[in-house]
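Asker: Take this structure first; my questions come after.
Each reported figure results from applying straightforward, stated rules to the coordinates on display, with no laboratory input. The structure displayed is predicted, hence computed values, not measured ones. No Cβ is skipped: glycine too gets one built from the backbone with ideal geometry, and neighbour counts run over all protein chains shown.
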Amino acid sequence: MGKLFGTSGVRGVVNLDLKPELALDLGLALATYLKNTGLVVLGKDPRTSSDMLESCLDSGLLSGGCDVRSLGAAPTPAVSFATRTLGARSGVMITASHNPPEYNGIKFFSSDGMAFTPEQEQEIERLYFAGKLKPVAWDKIGKVEEVNMLPDYIDKIASSVSLSRGFKVVVDCANGAGALATPLILRSLGCKVITLNSQLDGFFPSRALEPAPENLRELGRVVRSLGADLGLAHDGDADRIAAVDERGRAVGWDRLLALAGAHAVERVKGKVVTTVDASIVVEERVAAAGGSVVRTRVGDVAVAQAVKANRAVFGGEPSGAWIYPEIHLCPDGPLAGVRIIELMDEAAKPLSKLADEVPEYPIARVKVRCPDAKKAATMKKVAALARKAFGDIEQMLTVDGVRLALSDGSWILVRPSGTEPYIRITAEAKAVARVNALVKTAKKLVGG
């Protein structure tokens, strides 16, 4: 059977990998999966190709007998919220998240607002590749209705947070869908908001969409020059968050994740879910707050599944995708942004001080070339020889590659890339020499 879905939906270069006819067939495949009945919520980010793909998905869904509620341009978490609120059987978001503007993608959601699991995606693929798509008779074709759920979403997020004072915040939405929500949420909470790159533009001319530190230099300069309390940044569909402190410094994602996880546990004791590639500072901060950490494979769907299975109080990746299950099981950048401000408010400390209280350990990320055909055998060898190669192993996880937690507090992750012919090696320790030694051993084991 062929493969359509990656770690976060179907993505590709528009009119090359992701063609209109594929979008139409995916809409019909979803309708077939839903037994040719029910309501589907549809939203999109402002990419130049989103209108085209929306029309095709509409056609596929309607021809399969489903009714569509069209949200228009909206953040991904708003689609998740609307799917549950409207009692829809599924939701669809047209977005390529942090990928460049020539890309787009299609992501499906279940009725509970959680992205489709790999098993559900495989069923869509089975229907698609088997040619078992089922259009309905002419008198059973569905209908489209436009609905505006953004005010309800904004109210929901704003009502989940209480601030003792207003903060001065610069918001960089990268010309993406977050501009429709985050500034309004913050203003409703009494904050003074300065928007940056917050006009919708599907060419995304302002900066690279991923809100990584190297892409937030302009935000940092504006925060510093205006004397703002902090800056917040999103990707194209606002399912991710990044932050810049009052000094204009981008706060590392692992540090932010550690702060957010500990904050969630301080509110409600319980488990925090993160991925195998997150820093050990997450475990340290969460443990100090009275909680524990469960690690899962990389990807927001995997995090959502683990949050649900473990009844965790919070889940997040070091990419800025955070899940607050009391609201929904979808990464939510606007919600994450206001929770960062709430943390600052409750601690009565600036973000720079909070961030500096979280240690930052040496970490290395390297990749070793490995043909796709040899990845499985290589990883089998790594798992078999790991104990002999690395010695005192306290824990071995194999949910996504091989992750070894070692007795001195260091860790090493050997993981096959899902998109490139490489094996990725990540190591973290409290001394650079130890990191280098771990990487050297892992490279020998992999054969690099």
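Asker: For a quick check, take a GNM of the chain with Cα springs below 10 Å and name the residue from V282, V307, V432 with the largest mean-square fluctuation.
Answerer: Judging by the Gaussian network model, the answer is V432.
Asker: Using 0.36 nm per residue, how much length does the chain from V268 to K3 gain when fully extended, once their Cα-Cα distance is taken away?
Answerer: Separation in residues times 0.36 nm, less the Cα-Cα distance, equals 91.4 nm.
Asker: Also, quick follow-up: Rounding to the nearest 20 debye, state how big the charge dipole of the chain is about its Cα centre with +1 on each Lys and Arg Cβ and -1 on each Asp and Glu Cβ.
Answerer: With only Lys, Arg, Asp and Glu charged at Cβ, the dipole is about 1480 debye.
Asker: Here is a further query. Taking the Kirkwood radius as the inverse of the mean 1/r across Cα pairs, report the Rg/Rh of segment 144-287.
Answerer: 0.98
Asker: List the longest stretch of the chain that has no exposed loop site; here a site is one of the trypsin sites (Lys or Arg not before Pro) assigned by DSSP to anything other than H, G, I, E or B, with at most 13 other Cβ within 10 Å.
Answerer: Numbers: sites that count: K3, K35, K132, K143, R165, R247, K269, R311, K430.
Looking at the chain, 312-429 is the longest stretch - no exposed trypsin sites (Lys or Arg not before Pro) with at most 13 other Cβ atoms within 10 Å.
Asker: Each label point is 7 Å from the Cα along the Cα-to-Cβ direction; what then is the distance between the points at E145 and D17, in nm?
Answerer: Distance between the two pseudo-spin positions: 3.7 nm.
Asker: Also, I was wondering about something else. Taking neighbour Cβ counts within 10 Å as the exposure measure, how do S188, S110, S50 sort from fewest upward?
Answerer: By the 10 Å Cβ count, ascending, the order reads S188, S110, S50.
Asker: Multiply the residue gap between S162 and K444 by 0.36 nm, knock off their C-alpha separation, and tell me the result in nm, one decimal place.
Answerer: Values: separation 282, 0.36 × 282 = 101.52 nm, distance 5.23 nm.
Difference between extended and current length: 96.3 nm.
Asker: Based on the Cβ-Cβ distance from D372 to R217, what FRET efficiency comes out when R0 is 41 Å, to the nearest 0.05?
Answerer: With a Förster radius of 41 Å, E is 0.70.
Asker: From the backbone phi of segment 360-377, what are the Karplus-calculated ³J(HN,Hα) couplings (6.51 cos²θ - 1.76 cosθ + 1.60, θ = phi - 60°) in whole Hz, Gly and Pro given as x?
Answerer: After applying 6.51 cos²θ - 1.76 cosθ + 1.60, I find 10, 9, x, 9, 10, 10, 10, 9, 10, 4, 7, x, 3, 5, 9, 4, 4, 5 Hz.
Asker: Which of S319, S206 has the fewest other C-beta atoms within 10 Å, and how do the rest follow up to the most?
Answerer: Least to most surrounded, the residues fall as S206, S319.
Asker: By how many nm would the segment from T398 to D112 lengthen if fully extended, with 0.36 nm per residue of separation less the alpha-carbon distance? All intermediate terms of the calculation are to be shown ahead of the outcome.
Answerer: On the way: separation 286, 0.36 × 286 = 102.96 nm, distance 2.84 nm.
The span from T398 to D112 would gain 100.1 nm if fully extended.
Asker: If you take the alpha carbon radius of gyration of segment 10-148 and divide it by 2.2 N^0.38 Å, what ratio comes out, to two decimals?
Answerer: Taking the Cα Rg and dividing by 2.2 N^0.38 Å, one obtains 0.94.
Asker: With N residues in segment 366-413, what two-decimal value do you get for its Cα radius of gyration over 2.2 N^0.38 Å? Intermediate values should be presented prior to the final figure.
Answerer: On the way: Rg = 11.4 Å, N = 48, 2.2 N^0.38 = 9.6 Å.
Ratio of Cα Rg to 2.2 N^0.38 Å: 1.19.
Asker: Quick one: order E428, E125, E21 by neighbouring beta-carbon count within 10 Å, fewest to most.
Answerer: Listing E428, E125, E21 from fewest to most nearby Cβ atoms yields E21, E125, E428.
Asker: Something else: Rounded to the nearest whole Å³, what is the per residue volume of the convex hull around the Cα atoms of segment 309-448?
Answerer: Values: hull volume 21.0 nm³, N = 140.
Spread over its residues, the Cα hull of segment 309-448 gives 150 Å³ apiece.
Asker: Determine the percent antiparallel among the DSSP beta bridges restricted to the chain, to the nearest 5.
Answerer: Antiparallel bridges make up about 55 percent of those DSSP assigns within the chain.
Asker: Moving on. Along each of the three principal axes of the Cα atoms of segment 363-446, give the extent in whole Å, ordering the values from largest to smallest.
Answerer: Here the spans come out as 35, 22, 20 Å, largest first.
Asker: Another question, then. When the chain is modelled as a GNM with alpha-carbon springs shorter than 10 Å, which of I124, I412, I327 fluctuates the most?
Answerer: I327
Asker: Hey, another quick one. What FRET efficiency do you get for K388 and A309 if R0 is 30 Å and r is their Cβ-Cβ distance, rounded to the nearest 0.05?
Answerer: 0.40
Asker: Select from E283, E266, E214 the residue whose mean-square fluctuation is largest in a Gaussian network model of the chain (Cα-Cα springs shorter than 10 Å).
Answerer: Checking each option, the largest mean-square fluctuation is seen for E214.
Asker: Also, I was wondering about something else. For segment 29-162, give me the percentage of DSSP beta bridges that are antiparallel, rounded to the nearest 5 percent.
Answerer: If I count the DSSP bridges inside segment 29-162, around 25 percent turn out antiparallel.
Asker: Throw me the Rg/Rh for the chain, computed over C-alpha atoms with Kirkwood Rh, two decimals.
Answerer: On the way: Rg = 22.0 Å, Rh = 22.6 Å.
Across the chain, the Cα-based Rg/Rh ratio is 0.97.
Asker: What net charge is computed for the residues neighbouring L216, neighbours being all others with C-beta under 15 Å from the C-beta of L216, Lys and Arg scored +1, Asp and Glu -1?
Answerer: Here the charged neighbours net out to +1.
Asker: For the pair E346/E102, report the inter-label distance in nm, with labels modelled 7 Å from Cα in the Cβ direction.
Answerer: Computed distance between label sites E346 and E102 equals 4.5 nm.
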